[in-house]
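In what follows, a structure is listed as structure tokens, so that the remarks can point back to it.
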Amino acid sequence: QVQLVESGGGLVQAGGSLRLSCAASGRTSYSRNMGWFRQAPGKEREFVAAISASAGRTYYADSVKDRFTISRDNAKNTVSLQMSSMKPEDTAVYYCAATRGVVVTTLADGYGYWGQGTQVTVSS
């Protein structure tokens, strides 16, 4: 099994920045592709960003492209999401996730392991 723990959520003003971190542990966690998703109250879980196990490829939702950056440090077994130029619509609970297999995907169904989530709130 893979265990994931997010941290770094909080309050930020529109236009500000926030960095989220995810610590991974467990069976073959180093070889998993990783992603970030978010979910606002009353809405479906939404893809935000993903990164391959080797960190050679990254993917972003159009809504966050050029504002958010996903990265990973396999030596430390962590993945991060640097969020800049934040908007009120970025307000949500953010979840770190690891894929079931070797293929990077934007689909939540492709991720078999999830963290508990961390709240991000952006004020107008």
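The values are calculated or read from the model by the stated rules, or taken from the named source; none is laboratory data. A quick note: this is a predicted structure, and the numbers were derived from the prediction, not measured. Methodologically, a virtual Cβ is constructed for each residue, glycine included, from the backbone with ideal geometry; neighbour enumeration extends over all protein chains shown. These accessible areas exclude ligands, DNA and RNA; they are computed on the full protein's heavy atoms, side chains included. Shrake-Rupley method; radii C 1.70, N 1.55, O 1.52, S 1.80 Å.
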Which value, in Å² and to the nearest 10, is the accessible area of ARG45 when all protein chains are kept and the probe is 1.4 Å? 90
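With a sphere of radius 12 Å drawn around the Cβ of VAL120, what net charge do the other residues whose Cβ falls strictly inside it have (Lys, Arg +1; Asp, Glu -1)? Present the calculation step by step, with values, prior to reporting the outcome.
Values: positive: ARG19, ARG38, LYS87; negative: GLU6, GLU89, ASP90.
Net of charged neighbours comes to 0.
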Using protein chains only and a probe of 1.4 angstrom, how many square angstrom of LEU11 are accessible, to the nearest 10? 150
Please pull out the direction-averaged projected area of the chain, using the convex hull of its alpha-carbon atoms, in nm² to one decimal place. 6.8
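Less than 13 Å Cβ to Cβ from ASN77, Lys/Arg counted +1 and Asp/Glu -1: what total charge do the surrounding residues give?
Details: positive: ARG27, ARG32, ARG72, LYS76; negative: ASP73.
It works out to a net charge of +3.
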Applied in sequence order to the range 59-64, the curve 6.51 cos²θ - 1.76 cosθ + 1.60 (Karplus, θ = phi - 60°) yields integer Hz couplings, x standing for Gly and Pro, of 9, 9, 5, 4, 5, 10
